[in-house]
Amino acid sequence: MKNFLIPTTLKDDTICAVKSAVDQAKSSGCEIILMMVSDAPDTFSSSGYLREMRTGLTASQEEVLETCRYIIDHAPNCKIKVHNQYGLSSPVFKRIIDVFSVKLIVLTNSYKQETKRIHQYLIQLAGNQKCPILHLGTEKYKEDFNKALYIENARANMHVKDVQQFLNDNFSFEIVSQTSNFDDDYEKFAPYLSEAISKYDIDLLVETRKGEKIKFMKTKKENVNDKLGLPVLSLYEELA
């Protein structure tokens, strides 16, 4: 059984994330954890703490949650759980990953656009975990990913065969093309990337990452997921 963690504020694309997790589970079954984070109430009173923790869902959030539950009810061997987390730190987040035996973190586009500091903090914490991360694309949801373009980091001591072996062991993706990292010169690489994506019918990008120091910037750095709109599977370099 594969377990998936989906940080969410219950926007519509949470439904796409749940569908994607079910597709990745295939016939092995899965448990999907919808994780909703909030700042811990700033009070010394236990009754005040509990009172402030009581936050209801909006009508649209309830609708999204019910749709997710409906999907799981009709998926064999799949379960769904809502985890409300008040306050967050690196040890707490790592503990959540371990306790739920999370095999994949799924990040939606809407969640990455959240402006509250705690959501941005969670995204950075996720990047420092060894757990793979699937960044969903900004384009219309596609049910199944098959053909991948591997973006090779020249500074990483890894071979495409090692990455493909990890994919074979954990997913159903095949690397059909590869390119060097183009972060510093995207405009130059863009025509070649578009040609490769069209030629090989690529529907997923695969990249590797390293842990980074947590920092909050006013201007969000555009990544490959934003530039190309395709889903991106991000693998921690020590894991792949």
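General remarks:
- Among residues of region 139-173, those that are polar (S, T, N, Q), modelled with pLDDT under 85 and either farther than 18 Å from residue 104 by Cα or open to solvent by less than 40 Å² (accessible area, probe 1.4 Å) (or both), counted: 2
- Filtering region 55-101 to residues that are in a helix (DSSP H, G or I) and among the basic types (Lys, Arg) leaves 69, 94, 95.
- Screening residue 55 with (1) buried (at least 19 other Cβ atoms within 10 Å of the Cβ); (2) at pLDDT below 95 gives one miss only, at (1).
- Listed by first and then second residue, the pairs linking a residue in region 117-138 that is closer than 15 Å to residue 213 by Cα and in a helix (DSSP H, G or I) to a residue that is of a type in the set (Gly, Ala, Ser) and open to solvent by less than 10 Å² (accessible area, probe 1.4 Å), with Cβ atoms under 8 Å apart and 6 or more places separating them unless they lie on different chains, are 127/234.
- Condition check for residue 220: modelled with pLDDT of 80 or more, surrounded by 10 or more Cβ atoms within 10 Å (Cβ to Cβ) and basic (Lys, Arg): no
- Of the candidates 64, 92, 82, the single residue that is buried (at least 17 other Cβ atoms within 10 Å of the Cβ) and either of a type in the set (S, T, N, Q) or modelled with pLDDT of 95 or more (or both) is 64.
The values are calculated or read from the model by the stated rules, or taken from the named source; none is laboratory data. Because the structure is a prediction, the values reported are computed rather than measured. All Cβ positions, even for glycine, are placed from backbone atoms using ideal geometry, and neighbour counts span all protein chains on display. Just the protein is used for accessible areas: all its heavy atoms, side chains included, with ligands, DNA and RNA removed. Shrake-Rupley method; radii C 1.70, N 1.55, O 1.52, S 1.80 Å.
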